[in-house]
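For reference, the structure discussed in these notes is given below.
The values are calculated or read from the model by the stated rules, or taken from the named source; none is laboratory data. Here the structure is a predicted model, which means the values were calculated and not measured. With ideal geometry, Cβ positions are generated from the backbone for all residues, glycine too; neighbour counts draw on all protein chains shown. Calculation scope for accessible area: heavy atoms of the full protein, side chains included, ligands and nucleic acids excluded. Shrake-Rupley method; radii C 1.70, N 1.55, O 1.52, S 1.80 Å.
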Amino acid sequence: MTNHPTGQQTTSDYYDPATPTNINTTPSARFCHLPPDILYRIASKLPPKEFARTSVLSTEWVRGCMSSACPRLTFDVVAMCKCERKDLLYAHVCQFVSEVNSVLQKHHGKVVETLQVKISFQDSSMLAPHIDTWVRFAAISRTKNLILDLIPERFWKKDDLYVFPFQLFDRESISRLQHMRLGFISLDPPSQFKGFPNLRKLHLETVKVNRKDLENVLSHCCTLEWLCIDRCRLHDELTVDSPLPRLLYLRVEFCFTKIRFNAVNLATFEYHGYFIPIDLVQSFKLQSANIKFYSNAIFQRTFISLLNGLPSVPSLTLDVCFQRIEKQWFWDNPLKFSNLKHLQLLMLISSKDNDKVLYSLGFLMRATPLIENLEVHFTSSSLWFSEAGPSKRDLGNYKYVHLKHIWITGFRAAKGQLEFLLHVIENAPALEVLLVEIGEYPPRKMRLHFVEEAMEIARTCIHPILSQNVTFDVKE
């Protein structure tokens with residue numbers, strides 16, 4: 001539990017010795033005579049260091065603030081009971097509940113900026129009434145940041161989630177909330193609910209909610225800047241067509257069958273989960289996207305889907321686990337990434353796809369006419385010296401006039417890898433740096449065989465055709 005006033009800005013009134021004062025005027029009220037709520041409001045504007053310095057002016061002022069304001073209350077059952085999460089007993093939970101109730105009672109009637117509770121929601125009949133009381137405390141304590149992390153172990157096997165008590169909030173207390181994190185909670189807002197008008201940050205984790213209610217809540221969070229939706233129990237589409245003009249960061253994990261947002265100023269997007277269509281075509285200011293698809297996603301269809309949904313992103317990281325690569329190619333595909341300059345591609349290649357490496361990369365390069373930095377990180381045990389696949393002449397001539405940097409890891413001296421590098425080198429007149437590594441990315445401890453042979457093949461085949469202006473290196 002922490003108990004100290006904090007803030008974001010410093011406001012100070014400085015004494016000007018050049019300004020005359022009247023020593024006969026009536027003395028003004030001292031800090032310590034101000035009402036407690038006013039003391040807190042002043043203190044909340046000061047960073048911790050500046051607040052500490054005010055003790056020079058008045059020790060009563062500091063004591064008054066410390067006794068009248070408790071802007072942050074954090075309760076963690078594991079930290080409080082000093083045991084591992086898996087070892088928590090009923091007695092520990094009772095101790096935790098008693099401690100939380102005692103502390104909140106001491107701060108009744110005071111402003112509490114943050115209330116954070118972290119406990120596994122195991123026994124709903126016991127815990128739910130207490131959590132209701134704690135949420136009610138937050139509503140009447142003018143709380144801005146409410147964190148309820150109730151995720152139990154093996155949460156995926158449990159269906160008895162805590163039901164969020166919307167009825168405890170009125171319009172004023174709802175409007176004060178700026179940051180919410182809800183874990184293992186069921187959301188069933190009343191029909192007249194109009195969202196959180198001043199919410200800036202929202203994290204929903206393993207939350208149970210239906211599509212209509214979630215879309216309605218998000219559509220009314222017009223000040224939202226940061227949004228994460230993680231493993232929510234909703235196997236349906238999510239469409240938020242109402243503008244979210246302030247949303248800058250969006251992350252989705254293992255939820256939904258399709259997502260679409262109207263977020264014109266979105267800067268960062270992250271998605272981890274099974275392959276789904278993603279529609280962010282209205283996010284023209286998107287700076288980076290990090291996509292990780294699991295299961296048997298088909299490489300070409302995945303890429304075409306992203307071309308449709310993220311056409312203007314300048315930096316893209318794409319990791320397709322257990323991917324499949326088709327033999328059908330789309331050389332005449334008109335779709336292009338209109339602004340993509342940095343591409344990081346992580347490819348897990350199975351033995352049956354060794355012959356398709358060259359075509360998959362060639363297809364990718366044709367869709368990125370402005371590419372400047374290319375990273376391709378291979379993971380495969382079957383690619384070593386593989387002779388399968390076509391040669392570079394099957395790709396034809398296609399110039400990559402902006403390409404400057406290439407970084408390849410997991411190099412196995414396979415034909416598809418070599419032919420791709422030779423093709424790019426011959427068609428990238430602005431190339432400055434080429435780095436080839438035998439080790440995989442991210443680095444992991446493993447014994448690699450044939451390292452020297454693969455490095456020698458890379459040097460022998462690539463170095464002779466490189467321009468003298470290109471920095472070239474081959475590493476383990």
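Summary table
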item: Proportion of all alpha-carbon pairs of the stretch 226-270 beyond 11 Å (%); result: 68
item: The stretch 416-476: trypsin sites (Lys or Arg not before Pro) falling in loop per DSSP and having at most 15 other Cβ within 10 Å; result: ARG444, LYS445, ARG447
item: Gain upon complete extension [GLN282, ASP132; 0.36 nm per residue less C-alpha separation]; result: 50.0 nm
item: Karplus (6.51, -1.76, 1.60) ³J(HN,Hα), θ = phi - 60°, over the stretch 203-209, in Hz, Gly and Pro reported as x; result: 10, 10, 10, 6, 9, 9, 7
item: Heavy-atom accessible area per residue - the stretch 382-464, 1.4 Å, Å²; result: 51
item: Under-5 Å amide H pairs with ASP319, H placed in peptide plane, nonlocal only; result: ILE291, LYS292, PHE293, LEU346
item: Loop chymotrypsin sites (Phe, Trp or Tyr not before Pro), the stretch 390-476 (other Cβ atoms within 10 Å of the site Cβ: 15 or fewer; DSSP); result: TYR398, PHE450
item: Using a Förster distance of 22 Å, the FRET efficiency for ARG171-ASP241 (Cβ separation, nearest 0.05); result: 0.30
item: Fraction of accessible area attributable to carbon and sulfur, the stretch 136-206 (%, probe 1.4 Å); result: 45
item: FRET efficiency, GLU453 to ASP394 (Cβ-Cβ, R0 45 Å, nearest 0.05); result: 0.95
item: FRET efficiency for ASP123 and ASP159, using Cβ-Cβ distance with R0 set to 22 Å, rounded to 0.05; result: 0.95
item: Solvent-accessible area, 1.4 Å probe, carbon plus sulfur percent, for the stretch 297-426; result: 51
item: Per-selection Kirkwood Rh - the stretch 144-263 (Cα, Å, 1 d.p.); result: 14.5
item: 5 angstrom amide H check on ARG72, placed H, neighbours 5+ away; result: HIS4, GLU113, THR114
item: For LYS212, net neighbour charge (Lys/Arg +1, Asp/Glu -1) across residues whose Cβ lies under 12 Å away; result: -4
item: In the stretch 198-273, the chymotrypsin sites (Phe, Trp or Tyr not before Pro) that fall in loop regions by DSSP, at most 11 other Cβ within 10 Å; result: none
item: ALA414 long-range amide H proximity, modeled H, under 5 Å; result: PHE385, SER386
item: Cα-projected label distance for ARG72 with HIS220, points at 7 Å along beta-carbon direction, nm; result: 3.1
item: Local electrostatic count, LEU435, Cβ distance below 9 Å [Lys/Arg +1, Asp/Glu -1]; result: -1
item: Longest to shortest principal axis, alpha-carbon extents of the stretch 59-190, angstrom; result: 52, 38, 21
item: Relative contact order of the stretch 202-327, defined on C-alpha pairs under 8 angstrom at six or more residues apart (%); result: 18
item: Cα convex hull of the stretch 254-370, projected area averaged across orientations, nm²; result: 6.7
item: Nearest-10 value in Å² for the accessible area of HIS463, using the 1.4 Å probe; result: 110
item: Whole-Hz couplings from phi, Karplus 6.51/-1.76/1.60, listed for the stretch 413-424; x for Gly and Pro; result: 6, 6, 4, x, 5, 5, 5, 5, 4, 5, 4, 5
item: Above-threshold pairs, the threshold being 25 Å between Cα atoms, out of LYS106/LYS201; LYS158/LYS212; LYS118/LYS258; result: LYS106/LYS201; LYS118/LYS258
